[in-house]
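The values are calculated or read from the model by the stated rules, or taken from the named source; none is laboratory data. Source: prediction; values computed, not measured. Please note: Cβ atoms are built from the backbone with ideal geometry, for glycine as well, and neighbour counts cover all protein chains shown. Remember, those area values only see protein heavy atoms, side chains included, never the ligands or the DNA or RNA. Shrake-Rupley method; radii C 1.70, N 1.55, O 1.52, S 1.80 Å.
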Amino acid sequence: MCSAKRTELFTRLVELCDEFRSHGGIGCEVALDELHTRFDEEVSEVVFRTVRELLTNVRQHAKATGVQVSSVGRRDGSIGIVVADDGIGLPPHRRRGNPLDERGGIGLWSIDQRLRAFDAVLDIEAADGAGTRAMVILPSHLVVAE
């Protein structure tokens, strides 16, 4: 699935997962298609920081044994970068990281705001006890042609 030529974002995400895994306790699998990591430098940095924040949330809150960072091409031409864990899921009040909720932080909310500056969004699917799947959806106009 991955071509021999790697984008900087692809390489950085693989290294991020390697580092995450090396801290022990939680496995981290990478299933990225390199074609799904072709963005300009600014968008790539936002994607990297988003995945890093999502992995930090997995380590701090999910009680997961494994996480996967993957990518998917969507029917509308957009790209999804997915961070999915097998942890305890998210309670509904935390799914958007409501900064006004005294029990919540602003992490997910701030990620969502950064992504929206590029017409991208953060979509979170989670249920109590069933893991969490966070997808960064990047519109097709952000993809840099080969």
**Message:** If you take mean projected area of the Cα convex hull in nm² from the coordinates, which of [x] 7.6; [y] 8.6; [z] 10.9 do you get?
**Reply:** [y]
**Request:** Work out the charge dipole of the chain with +1 on the Cβ of Lys and Arg and -1 on the Cβ of Asp and Glu about the Cα centre, then indicate which of Ile79, Leu115, Gly131 is farthest towards its positive end.
**Result:** Gly131
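Give me the accessible area per residue for the chain, probe 1.4 Å, as a whole number in Å².
So the chain comes to 54 Å² accessible per residue, rounded to a whole number.
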**Request:** Grab the DSSP H runs of the chain that are 4 residues or longer, score each as -39,500 (n - 2.57), total them, divide by all residues and round the 222 nm result to the nearest 500 deg cm²/dmol.
**Result:** -9500 deg cm²/dmol
**Asked** Given +1 on the Cβ of Lys and Arg, -1 on the Cβ of Asp and Glu, and no further charges, what dipole in debye does the chain carry about its Cα centre, rounded to the nearest 20?
**Response** 280
**Accessible carbon and sulfur surface of region 1-60 relative to its total accessible area, %, 1.4 Å** = 47
**Gain in span if fully extended, Arg49 to Val72, counting 0.36 nm per residue against the direct Cα distance** = 6.4 nm
**Förster-model FRET efficiency, 30 Å R0, Val144 and Ile106, C-beta, rounded to 0.05** = 0.50
**Prompt:** At a probe size of 1.4 Å, how large is the accessible area of Glu15, to the nearest 10 Å²?
**Reply:** 110
**Complete:** Correct response: the longest run of the chain lacking exposed trypsin sites (Lys or Arg not before Pro), defined by DSSP loop and at most 16 other Cβ within 10 Å, is 7-62
